[in-house]
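The values are calculated or read from the model by the stated rules, or taken from the named source; none is laboratory data. Keep in mind the model is a prediction, meaning the values are calculated, not measured. Note that we place each Cβ from the backbone using ideal geometry, even for glycine, and neighbour counts take in every protein chain shown. These accessible areas exclude ligands, DNA and RNA; they are computed on the full protein's heavy atoms, side chains included. Shrake-Rupley method; radii C 1.70, N 1.55, O 1.52, S 1.80 Å.
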Amino acid sequence: METYKIMGLVGSPRKQANTYILVKKALEEAATVPGAQTELYELAGKQIGHCIGCNKCAELGRCVLKDDFSELLDKYIEADGIIWGAPVYHMSIPGLMKSAIDRMANMLSAYYMNSGKDLPRYSKVCGVITVGAHRNGGQDLVLSYMTDSCLMMNNVVVSGMTLAGAYIGAAGWSGQPPDFLAKDNVVQDDWGMMSAQTVGKRVAEMTRIIAEGKAVLGEGLSSDYIYKHGPEKYAPLK
Ligand SMILES: Cc1cc2nc3c(=O)[nH]c(=O)nc-3n(C[C@H](O)[C@H](O)[C@H](O)COP(=O)(O)O)c2cc1C
């Protein structure tokens, strides 16, 4: 049986809040799929500056900014499946998450483009989760944005639950809870919690299918499908 890593990326600037609760739920469900190893990574508390557009990554194969980004990039490269979680901030994702995505996508494109290659294909399975304080507060825009980012990074995106009360991986709450911005309001949203669980399960199942498929196909599979690991990670690929 193949093993594979599923990373839950929590893009809220608040530690252990609603996005964390949803992603943790998703990872718990992912862990029930045979072969899955899970890890949760919170951006909260990390120093990840915004991309300055210097394009040095294309030349150097690494980012010139010195902060916590390289740790995130390592985790991203190692993961086979990724659950992206971000709260709605003004109908979009928080700046912290945007900074992380801008740098990750550009860094990886530059890294592979340096060797005349496209990003590896079909290597990472992704699911997306979001939460807003409003029932309909822009969750669909966040899901679209993250899905598009996943596609742009040549990943395979799976959906969450699409039954009547659920929408892919969206959560929110209607009415006024005692504390509108409490860190655990999302537990009131049964459909949202179930959607997150489904995202976790589907990401793990699809990652498993790809991991087992890669093992069976072995040498018959183009290396274009596989991320490079190893000490050369930040050097331009030859
Ligand atoms: C700057 C800011 C902007 C927000 N904008 C929206 C919004 O447009 N729609 C919405 O439904 N909720 C919005 N919210 C509420 C958050 O999405 C909500 O509190 C969510 O639970 C935060 O995630 P967290 O608990 O994981 O930190 C906003 C919150 C902040 C701080």
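For the listed residue pairs LYS46/LYS117; LYS15/LYS75; LYS24/LYS183; LYS5/LYS98, the alpha carbons are over 21 angstrom apart in LYS46/LYS117; LYS5/LYS98.
Counting only protein heavy atoms and a 1.4 Å probe, the chain has 47 square angstrom of accessible area per residue. Toward the positive end of the charge dipole of the chain, with +1 on the Cβ of Lys and Arg and -1 on the Cβ of Asp and Glu, the farthest Cα among GLY81, SER109, GLY53 is that of GLY53. Dipole magnitude for the stretch 4-234: about 240 debye, using +1 per Lys or Arg Cβ and -1 per Asp or Glu Cβ, origin at the Cα centre.
Counting only protein heavy atoms, what percent of the accessible surface of the stretch 30-91 is carbon or sulfur at a 1.4 Å probe?
Working: 1500 of 3000 Å².
Within the stretch 30-91, the accessible surface is 50 percent carbon and sulfur.
Using only alpha-carbon positions in the chain, the gyration tensor eigenvalues give semi-axes of 30, 22, 14 Å once each is multiplied by 5 and square-rooted (largest first). Could you tell me which helices of the chain pass both thresholds, a Cα extent of 30 Å or more along their own axis and a mean Kyte-Doolittle hydropathy of at least -1.0, with helices taken as whole DSSP H runs? Membrane-span-like by this rule: 190-217.
Ordered from highest to lowest accessible area with the whole protein assembly present and a 1.4 Å probe, GLU71, GLU42 read as GLU71, GLU42. Of LEU27, LEU141, the order by accessible heavy-atom surface (1.4 Å probe, DNA, RNA and ligands excluded), from most exposed downward, is LEU141, LEU27. Annotation: extensible slack from GLN37 through LYS15 equals 5.7 nm (criterion: 0.36 nm per residue apart, minus Cα-Cα distance).
Identify the trypsin sites (Lys or Arg not before Pro) of the stretch 51-144 meeting these criteria: DSSP loop state and at most 12 other C-beta atoms within 10 Å of the C-beta. Provide the component values of the computation, followed by the final result.
Values: sites: LYS56, ARG62, LYS66, LYS75, LYS98, ARG103, LYS117, ARG121, LYS124, ARG135; in loops: ARG62, LYS66, LYS117, ARG121, LYS124, ARG135.
Those that pass, being in a loop and sparsely packed, are LYS66.
Per-residue ellipticity at 222 nm computed for the chain from its helices equals -12000 deg cm²/dmol, with DSSP H segments shorter than 4 residues left out and the rest contributing -39,500 (n - 2.57).
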